[in-house]
Structures are given as structure tokens and as C-alpha cells.
Amino acid sequence: MILVRALGPVDVSVDGAAAPAKLLWKKNLALLIYLARSPKRARAREHLIGLLWGEKPEEKARHSLNEALRVLRLCAGDDDFESDTAQVRIAPGTVDLDTDALERLAAAGDYARAAALINGDFLEGFSVRGASEFDNWLAAERQHWCRRSVDVLVHRAEQLLAAGDVAAAHDTVRRSRELDWRPETAVRTALRTLALAGDRAGALALYD
């Protein structure tokens with residue numbers, strides 16, 4: 001199984017070991033994560049070529065896609081990346097994304113474990129040169145996972161406040177505001193933690 005930690009600087013392992021260097025090449029890794037985040041984990045070949053190799057002549061672009069798929073198969077197994085002349089898909093159980101885990105844990109109300117998965121922006125610091133369509137997708141994904149991460153951290157902070165752990169709640173809501181200081185829910189929770197900690201001046205400053 002390929003384990004991908006994308007909520008922060010990207011980290012990849014294969015069957016519990018460090019990922020092979022070829023898998024970490026920018027476009028190979030971009031293809032892997034994009035497919036894993038796609039509906040039903042499948043995309044048309046033409047779409048993938050336009051996403052990552054749109055600047056190349058058609059024949060060279062198709063060759064590049066095939067080479068990237070060859071690397072993914074070498075890392076995960078021949079049966080885990082299925083393809084035909086029209087489409088590429090990832091077989092179930094091939095890739096484990098931390099974003100999927102975050103959604104499962106949040107849905108179960110386990111905000112402590114969900115919050116522990118958040119280490120920064122989605123694919124923090126990652127980009128692919130010459131792939132503007134991928135960069136557009138990445139920008140939208142970052143906005144989405146920023147909102148989800150802030151929501152999870154605020155829920156966790158509220159749980160900690162309810163349990164009387166004001167210091168931990170303050171640290172958690174601070175993490176949410178480092179991702180995005182604007183959401184009203186995060187600001188309200190931050191004001192509560194400051195007030196409950198007795199930091200009236202800090203609460204007034206934040207309110208201002």
C-alpha cells in the first residue's frame with residue numbers, strides 16, 4: 001500500500017518503507033495524488049495528459065504518461081493501477097490518503113485523531129513546473145482542505161474547552177488561525193479561550 005500524507009509537506013511511504021526516488025519525481029507524485037483524489041479514483045487518459053503534459057507534443061505526452069504509470073505500477077504492483085486505451089484507475093486499497101482518514105474520523109466525531117493529521121496546507125510547498133492545469137486544481141484543493149482543517153481544529157478546541165483544558169484548546173485554535181485567521185468560528189473560539197484563560201487584554205485585542 002502507498003501511504004500519502006498530504007496535509008502539510010508531502011510524505012509518502014510504500015508498504016511501511018521510504019518511497020522509491022522515482023515515485024517522488026514531481027509529475028509521478030502529482031499523478032498519484034490527483035488520481036487518488038479523483039471521483040472513483042479514475043480519469044481519462046486525455047484528461048491526465050492535458051493536466052500534466054499539456055505543453056508537450058501529443059506523442060511525447062502519451063509516452064510520458066505511460067512512463068509515469070510504469071513507475072506507479074513498479075511501486076504498487078501491476079494490478080493496482082489499471083488502464084486501458086481510454087482510462088486510468090487506481091484499484092481499491094492501493095493508496096491511503098490522510099485526507100480520507102480525516103473525513104472518516106471527523107464523521108465519527110473523533111476530532112482528536114483528525115486534528116493530529118493536520119500539519120499544514122494541502123501539499124505544502126509542492127508545485128509542478130509547466131503544468132498550469134494541475135496548479136489550478138492544487139489551488140482549489142488547498143482552499144478546500146484549509147476550510148476542512150480549520151473546521152476540525154475548531155471542533156477539537158471546543159471539545160477541549162468542554163473538558164476544561166483551556167491551554168490545549170488555545171493551542172488548537174491557534175493552529176486553526178495559522179491556517180486561516182478569517183473564519184468567524186475560529187475567531188469566536190479563540191475569544192472564548194482567551195477569556196477563560198483570564199487574558200482579557202488579549203481577547204480585546206483580538207476583538208479589535
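The values are calculated or read from the model by the stated rules, or taken from the named source; none is laboratory data. Every value quoted in this text rests on a predicted model; they were computed, and no experiment measured them. Glycine gets a Cβ as well: all are built from the backbone with ideal geometry, and neighbour counts include every protein chain shown. Side chains are part of the model used for accessible areas, which takes the heavy atoms of the whole protein and leaves out ligands, DNA and RNA. Shrake-Rupley method; radii C 1.70, N 1.55, O 1.52, S 1.80 Å.
Observations, loosely collected:
- Distribution of pairwise C-alpha distances over the chain, 5 Å bins, in %: 1, 7, 14, 16, 16, 13, 10, 8, 6, 5, 3, 2, 0, 0
- Between helix 98-107 and the chain there is an angle of about 50 degrees, using the helix long axis and the longest principal axis of the Cα atoms.
- Principal axis extents of the Cα atoms in the stretch 1-76, from largest to smallest and rounded to whole angstrom, are 37, 24, 20.
- Angle of helix 58-76 to the longest C-alpha principal axis of the chain, folded into 0 to 90 degrees and rounded to 10: 70°.
- The stretch 1-136 - percent relative contact order, Cα under 8 Å, separation 6 or more: 39
- Two-site FRET efficiency, Ala112 against Asp78, from Cβ-Cβ distance with R₀ of 41 Å, rounded to 0.05: 0.60
- Rounded tilt (10° steps) of 132-162 against the dominant C-alpha axis of the chain: 30
- In a fully extended conformation the segment linking Lys22 and His144 would gain 41.1 nm over its present Cα-Cα distance, using 0.36 nm per residue.
- With helices as the sole contributors, the chain gives -18500 deg cm²/dmol at 222 nm; each DSSP H run of n ≥ 4 counts as -39500 (n - 2.57), and the sum is divided by every residue.
- If you look at the Cα atoms of the stretch 132-175, you get an Rg and a Dmax of 14.5, 47 Å.
- Farthest positive-ward along the stretch 1-154 dipole, Cα basis, beta-carbon charges - from Val12, Leu65, Ala101: Leu65
- Estimated vicinal HN-Hα couplings, Hz - the stretch 175-182 in sequence order (Karplus 6.51, -1.76, 1.60; Gly, Pro = x): 4, 5, 7, 5, 6, 7, 7, 8
- Over all other residues within a Cβ to Cβ distance under 12 Å of Ala162, the charged ones net out to 0, with Lys and Arg as +1 and Asp and Glu as -1.
- Taken one residue at a time, the phi angles of the stretch 37-42 give Karplus couplings (6.51, -1.76, 1.60, θ = phi - 60°) of 8, 7, x, 6, 6, 9 Hz. Gly and Pro are set to x.
- Amide H partners (placed H, <5 Å) of Gln87, local residues excluded: Arg45
- Extension gain for Asp165 to Glu58 (0.36 nm times residue separation, less C-alpha to C-alpha distance): 32.6 nm.
- At q = 0.16, 0.26, 0.28 Å⁻¹, base-10 log of I(q)/I(0) for the stretch 1-42 (Debye sum, equal scatterers on each alpha carbon): -0.39, -0.99, -1.10
- The stretch 1-140 - accessible surface per residue (Å², probe 1.4 Å): 50
- Within the accessible area of the chain (1.4 Å probe), percent carbon and sulfur: 52
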